[in-house]
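Remarks on the structure that follows.
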Amino acid sequence: MELVNGQYQLGGVAVLDICNEFGTPLYVYDGAVIEQQYNKLMNAFPNKNMKISYACKALTNISILKFIKNLGAHLDTVSIQEVQLGLKAGFEPQHIMYTPNCVGFDEIQKAVNLGVQVNIDNISILEQFGHFYRDTYPICIRINPHIMAGGNKKISTGHIDSKFGISIYQLRHLERVVASNNIKVNGLHMHTGSDILDADVFLRGAEILFEAAKSFKDLEFIDFGSGFKVKYSADDNTTDIEELGEKLGARFDEFCKEYGRDLTIVFEPGKYLVSESGYLFVSTNVIKQTTSTVFAGVDSGQNHLIRPMMYDAYHHITNVSNPNGTQRIYTVVGYICETDTFGWDRKLNEVREGDILALHNAGAYGYSMASNYNSRYRPAEVLVYHGKAHLIRRRETFDDLLSTQMEVDV
Ligand SMILES: *Cc1c(COP(=O)(O)O)cnc(C)c1O
């Protein structure tokens, strides 16, 4: 979003025009930003075999999936429904990675029947898989290297108490299960959680995977997951993608020589690709002055964007309607009967009732974590690309709220 001649534009389209046309609350994604992030990550790595597998739980709208597929990406999924969405969006089954956690064996079998790449993250399921499929269906194995990473305990998956992955300390046991069932392991995987700042954290994890890789002779790829940090507030640091690409890229090529074959290096960014592309636009319903605070109450809340309340995440806020107004301090809150605060003590250009505010960095884990709490409708979604705004999800209606309910008088 940028200020052009005194008005905010997004991908070349005036923000207020988009909000007038589609109403608020409204999620809007800028396709050019997704494209730019994709290219930045691809170009940071010197490796000739590199794949980006979009972790679609961040934002699963089918038009976004198609858009990212057209960039050349593969897809990373964590549920059978995400697999089905990926297939519907046109991804080849073999380009879809299915990385579930604590699902039943029946869901794994469904994924096998759909022909996607299965990633197994516990020994019990691996044994069942081996008994059932033997060497007929190559799989990837998710290793937990136990490197501590991640800005928030809730989104850090590499720690010792984590439920994710097969512990690197179980490697010998893992090898025995693989060997005794003749399982073909075509990939190794790690994903140590969101918000990794330091390239060295990836490198430490990589060394652990390279060491483990010596035990598996049929590898085709190594997948280093994600956790790339993006800028939420102005003084946030971000993962240095260039440094990571240079260091890990070179080390990966060296490893391939040791291993004796060219493998593919894979990353699975979610947030990195889509977070900064997205905004949640909301209208100010009321300015409420209390003894201590000036609240700007808006037509949205934790039902539409829960990250500030669930993770204490900072989402920058801009008053789109009054870019030249005097700056004042506001606490921006939602309309849900909870303390759903989007931002405390924010300096905003004077907010008047009716003004449209933008919540930045709302592309990832925004709509995909939205709910109908308080029986509110979920917002519409718009994708802007090449100067055009496309509605990619309509706003919900009262009928949608009732569509799965049975009206029974008992
Ligand atoms: C959530 C997830 C990702 C994406 O994480 P981001 O922080 O959004 O980049 C990647 N891989 C797996 C297995 C995941 O569960």
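The values are calculated or read from the model by the stated rules, or taken from the named source; none is laboratory data. These numbers were taken from a predicted model, which means no experiment stands behind them. Using ideal geometry, Cβ is built from the backbone for each residue, glycine included, and neighbour counts are taken over all protein chains shown. Only protein heavy atoms, including side chains, enter the accessible area calculation; ligands, DNA and RNA are left aside. Shrake-Rupley method; radii C 1.70, N 1.55, O 1.52, S 1.80 Å.
Is there a residue being touching a His at 6+ places or on another chain (Cβ under 8 Å) and within 16 Å of the ligand (Cβ to nearest atom) anywhere in the stretch 315-326?
So far as the stretch 315-326 goes, yes, one or more of its residues are touching a His at 6+ places or on another chain (Cβ under 8 Å) and within 16 Å of the ligand (Cβ to nearest atom).
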Condition set closer than 25 Å to Tyr365 by Cα and outside any helix (DSSP H, G or I), scope the stretch 26-49, selection nearest to the chain's Cα centre (by Cα): answer is Tyr29
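Report, by residue number, each residue of the stretch 63-75 that is open to solvent by 10 Å² or more (accessible area, probe 1.4 Å) and either in contact (Cβ under 8 Å) with a residue 60 or more places away in the chain or touching an Asp or Glu at 6+ places or on another chain (Cβ under 8 Å) (or both).
Filtering the stretch 63-75 for residues open to solvent by 10 Å² or more (accessible area, probe 1.4 Å) gives 63, 66-67, 69-72, 74.
Once the filter is applied, which keeps residues that are open to solvent by 10 Å² or more (accessible area, probe 1.4 Å) and either in contact (Cβ under 8 Å) with a residue 60 or more places away in the chain or touching an Asp or Glu at 6+ places or on another chain (Cβ under 8 Å) (or both), the stretch 63-75 yields Ser63, Phe67, Leu71, His74.
Out of the stretch 221-232, which residues are more than 21 Å from Pro100 (Cα to Cα) and open to solvent by less than 20 Å² (accessible area, probe 1.4 Å)? Can you show your working first?
If we filter the stretch 221-232 for residues that are more than 21 Å from Pro100 (Cα to Cα), which is where we start, we get 229-232.
Within the stretch 221-232, Val230 is the sole residue that qualifies.
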Select, from Asp235, Asp218, the only residue that is in a loop (DSSP other than H, G, I, E, B), open to solvent by 10 Å² or more (accessible area, probe 1.4 Å) and more than 24 Å from Tyr314 (Cα to Cα). Asp218
The listed residue being under 21 Å from His360 (Cβ atoms), in contact (Cβ under 8 Å) with a residue 40 or more places away in the chain and not polar (S, T, N, Q), out of Cys19, Cys56: Cys19
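Let me confirm something: among Leu383, Leu357, Leu391, Leu348, which residue is open to solvent by 20 Å² or more (accessible area, probe 1.4 Å), at pLDDT 95 or above and outside any loop (DSSP other than H, G, I, E, B)? Even if it seems obvious, please write down each step before you answer.
Working: Leu383 fails: open to solvent by 20 Å² or more (accessible area, probe 1.4 Å); Leu357 fails: open to solvent by 20 Å² or more (accessible area, probe 1.4 Å); Leu348 fails: open to solvent by 20 Å² or more (accessible area, probe 1.4 Å).
When all the criteria are applied, what remains is Leu391.
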Inside the stretch 267-291, can you point out the residues that are away from the ligand (no atom under 16 Å from the Cβ) and either among the β-branched types (Val, Ile, Thr) or at pLDDT below 95 (or both)? Val282, Thr284, Val286, Ile287, Thr290, Thr291
Checklist (1) surrounded by 16 or more Cβ atoms within 10 Å (Cβ to Cβ); (2) over 19 Å from the mean Cα position of the chain (by Cα) applied to Ile52, failing item: (2)
State which residue is surrounded by the fewest Cβ atoms within 10 Å (Cβ to Cβ) when the search covers only the stretch 259-300 and only residues that are touching a Cys at 6+ places or on another chain (Cβ under 9 Å) and within 23 Å of Lys347 (Cβ to Cβ). Ser283
Filter result (charged (D, E, K, R), in a helix (DSSP H, G or I) and within 16 Å of the ligand (Cβ to nearest atom)) within the stretch 50-71: Lys57
For the stretch 76-106, which positions are within 16 Å of the ligand (Cβ to nearest atom), in a loop (DSSP other than H, G, I, E, B) and surrounded by fewer than 21 Cβ atoms within 10 Å (Cβ to Cβ)? Val78, Ser79, Asn101, Cys102, Val103
Among the acidic types (Asp, Glu) and either within 13 Å of the ligand (Cβ to nearest atom) or within 24 Å of Tyr385 (Cβ to Cβ) (or both): is that true of Asp121 in this structure? yes
